[in-house]
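The values are calculated or read from the model by the stated rules, or taken from the named source; none is laboratory data. Just so we're clear, the structure is a prediction, and the values are computed from it rather than from any experiment. Backbone-built Cβ (ideal geometry, glycine too); neighbour counts: all protein chains shown. When the accessible area is computed, the model is the full protein with side chains, heavy atoms only, and any ligands, DNA or RNA have been set aside. Shrake-Rupley method; radii C 1.70, N 1.55, O 1.52, S 1.80 Å.
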Amino acid sequence: MPDRPLLHAPCPMPHAPCPMPKLRIFLVEDDELFRLGLSTRLQRESGLEVVAEAEDGETAVELTNQYLPDVVLLDVGLPGIGGIEACRQIKQRHPNIAVLVLTSHSQKSLIERLIEAGAQGYCLKGIAAETLVLAIRSVAAGASWWDKAATAEIRAAFAESEPAVSKPAQTPENQLTKREQEILALVAQGKSNQEIAQQLYIAPGTVRVHVHAILQKLEVRDRTQAAVLALQKGLIDSEIMAQ
């Protein structure tokens with residue numbers, strides 16, 4: 001069975017261009033005034049639609065099951081089970097639904113817990129509306145999105161995990177080629193396949209092949225898990241991280 005039902009009828013005129021379906025957003029935020037302002041701003045954006053709102057973790061999980069949105073825009077400091085547990089339950093039940101975290105907190109421990117819970121992205125409150133919209137579109141397209149503070153924490157964690165003398169990993173745990181390490185480093189920075197292709201001067205299709213190989217070798221389900229595993233085990237050469 002597909003993860004979400006068909007919500008858009010076929011175009012009535014086969015020779016006429018059909019409008020692109022809107023991205024369906026589920027907004028979860030316990031601050032009523034902030035939620036209202038954010039919902040109003042997103043509804044003004046072409047191609048976006050806020051289909052539901054919630055103010056606690058349990059309702060977030062329940063309404064995600066009901067509405068099957070494209071993106072859950074989720075605050076961390078929620079009443080009830082909280083944002084992190086809500087994220088974990090949503091991703092366990094619906095791995096193809098993107099979760100973008102929007103919060104005022106930026107501690108390293110929080111970022112690590114969000115990645116482990118399966119969040120595709122993280123933005124600090126106060127972000128420019130245009131940047132938030134770009135983040136929503138990015139995670140809906142399958143990319144990761146981390147704000148500058150979170151990216152700095154991820155890079156710092158990579159640096160802390162590197163040995164004093166850099167050498168390519170030859171242990172059985174790491175069978176990644178140099179190119180795969182380069183791509184994994186960019187994945188950990190939240191780059192999309194298109195951005196990675198442009199930076200490495202290769203075709204997007206080649207990036208997809210490498211990403212698939214990385215997931216197979218690391219025995220993980222998605223890009224976020226691959227980045228977490230690489231962070232934990234130091235699978236990327238420090239010379240590559242320094243580039």
Being over 18 Å from L229 (Cα atoms) and open to solvent by 30 Å² or more (accessible area, probe 1.4 Å) is the filter here, so list the residues in region 106-135 that pass it. S106, Q107, L124, K125, G126, I127, A128, A129, E130, T131, L134
Can you name the condition, by its number, that E62 falls short on among (1) at pLDDT below 95; (2) surrounded by fewer than 19 Cβ atoms within 10 Å (Cβ to Cβ); (3) not in a loop (DSSP other than H, G, I, E, B)? (1)
Within region 28-55, work out how many residues are more than 18 Å from A98 (Cα to Cα) and not in a helix (DSSP H, G or I). 6
The one condition in (1) at pLDDT 95 or above; (2) under 23 Å from Q232 (Cα atoms) that Y67 fails to fulfil: (2)
Take the residues in region 183-224 that are without any contact (Cβ under 8 Å) to a residue 60 or more places away in the chain and among the polar types (S, T, N, Q); name whichever of them is surrounded by the most Cβ atoms within 10 Å (Cβ to Cβ). N193
Against the conditions (1) at pLDDT 95 or above; (2) assigned to a loop (DSSP other than H, G, I, E, B); (3) not hydrophobic (A, V, I, L, M, F, W, C), where does P12 fall short? Just the number, please. (1)
Of the residues that sit in region 75-105 and are charged (D, E, K, R) and more than 18 Å from D31 (Cβ to Cβ), which one is least open to solvent (accessible area, probe 1.4 Å)? K91
